[in-house]
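To keep things clear, I will list the structure first and then write my remarks on it.
The values are calculated or read from the model by the stated rules, or taken from the named source; none is laboratory data. In this text the structure is predicted, and so the values were computed from the model without any measurement. No Cβ is skipped: glycine too gets one built from the backbone with ideal geometry, and neighbour counts run over all protein chains shown.
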Amino acid sequence: MLEYINGEVSELTPTYLIVENNGIGYFVKISLNCYSKIGESKNIKVFIHEVIREDTHDLYGFTEKEEREIYRKLISVSGVGPNTALVMISSLSTLEIITAISTGDVNTIKSVKGIGLKTAQRVIVDLKDKIGNVSENIELFDNKGNTIKEESLSALIMLGFNKKQAEKAIDKIVKDGKETDVEGVIKAALKLL
């Protein structure tokens with residue numbers, strides 16, 4: 001089983017990429033989140049999940065191990081196949097999926113194309129206990145591409161606050177380290193603004 005492929009991007013689209021490694025081009029299906037993170041990078045490391053069946057041998061790629069772990073949890077649910085899970089990861093961030101499952105937010109999961117009410121409920125029931133292990137491994141306030149800071153900032157801007165003032169408030173809250181989720185950061189920021 002492949003763990004990752006380290007190589008040069010020879011082709012990149014929103015749904016797949018071709019990574020060349022030692023003269024071999026690997027066709028890897030990716031999420032929109034992965035596509036945006038790769039951007040203009042020429043050399044990348046893509047974490048792989050293989051799906052091998054009689055009629056297909058597919059590679060699914062992720063820029064982060066945590067995203068791949070969430071993907072693997074999603075495909076363990078009856079009724080969620082590899083492509084449906086990829087659509088879920090393209091539609092929602094890793095943090096949004098974890099939050100929706102842990103809080104039992106059926107509507108967020110149901111908002112993904114191809115996911116009905118019963119499947120959304122099954123995802124929550126099957127993964128509510130399992131998702132805690134994954135969420136503990138995600139570094140909530142990592143300096144590179146911090147999802148919580150980005151989502152909090154985006155929400156405050158949409159509420160009409162000045163971007164620079166909102167950034168300062170969020171940075172102060174993050175340094176305190178008391179709030180560890182988007183909702184908590186936003187509430188604390190609203191008190192400062």
Legend entry - Some residue of segment 65-75 being under 29 Å from E183 (Cβ atoms), surrounded by fewer than 19 Cβ atoms within 10 Å (Cβ to Cβ) and hydroxyl-bearing (S, T, Y): no
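Quick grid of which residues meet (1) of a type in the set (F, W, Y); (2) at pLDDT 90 or above:
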{"site": "L32", "(1), (2)": "no, no"}
{"site": "E40", "(1), (2)": "no, no"}
{"site": "K45", "(1), (2)": "no, yes"}
{"site": "V51", "(1), (2)": "no, yes"}
{"site": "D58", "(1), (2)": "no, yes"}
{"site": "Y71", "(1), (2)": "yes, yes"}
{"site": "I75", "(1), (2)": "no, yes"}
Inset, instruction - Considering every residue within segment 122-135, establish whether at least one is at pLDDT 90 or above, under 24 Å from T15 (Cα atoms), of a type in the set (A, V, I, L, M) and surrounded by 14 or more Cβ atoms within 10 Å (Cβ to Cβ). - result: yes
Inset, instruction - Name every residue in segment 47-64 that is out of contact with any helix residue (DSSP H, G or I) (no Cβ under 7 Å at 6 or more places or on another chain), surrounded by fewer than 17 Cβ atoms within 10 Å (Cβ to Cβ) and in a strand (DSSP E or B), in order of residue number. - result: E50, I52, H57
Inset, instruction - Please name all residue pairs, on different chains or six or more residues apart, with Cβ atoms under 8 Å, provided the first residue is in segment 163-175 and is closer than 9 Å to I186 by Cα and modelled with pLDDT of 80 or more and the second residue is polar (S, T, N, Q) and in a helix (DSSP H, G or I). - result: I170/S152
Legend entry - Failed item, numbered, when F62 is tested on (1) under 14 Å from the mean Cα position of the chain (by Cα); (2) at pLDDT below 90: (2)
Legend entry - Failed item in (1) crowded, with 18+ Cβ neighbours inside 10 Å; (2) touching a helix residue (DSSP H, G or I) at 6+ places or on another chain (Cβ under 9 Å); (3) β-branched (V, I, T), with T15 passing the rest: (1)
Legend entry - S93 vs. criteria within 24 Å of N107 (Cβ to Cβ) and over 12 Å from the mean Cα position of the chain (by Cα): no
Inset, instruction - Scan segment 90-121 for residues that are at pLDDT 90 or above, among the small types (G, A, S) and outside any helix (DSSP H, G or I) and jot them down. - result: S111, G116
Legend entry - Residue within segment 138-148 that is at pLDDT 80 or above and acidic (D, E) present: no
Inset, instruction - Identify the residue in segment 100-118 that is in contact (Cβ under 8 Å) with a residue 24 or more places away in the chain and surrounded by fewer than 19 Cβ atoms within 10 Å (Cβ to Cβ) and, among all such residues, is nearest to V182 (Cα to Cα). - result: S102
Inset, instruction - Taking I44 as meeting all but one of (1) surrounded by 19 or more Cβ atoms within 10 Å (Cβ to Cβ); (2) part of a strand (DSSP E or B); (3) touching a residue at least 40 places away in the same chain (Cβ under 8 Å), write down the number of the exception. - result: (3)
Inset, instruction - Within segment 4-30, track down each residue that is touching a Phe, Trp or Tyr at 6+ places or on another chain (Cβ under 7 Å) and either in a loop (DSSP other than H, G, I, E, B) or without any contact (Cβ under 8 Å) to a residue 12 or more places away in the chain (or both). - result: P14, I18
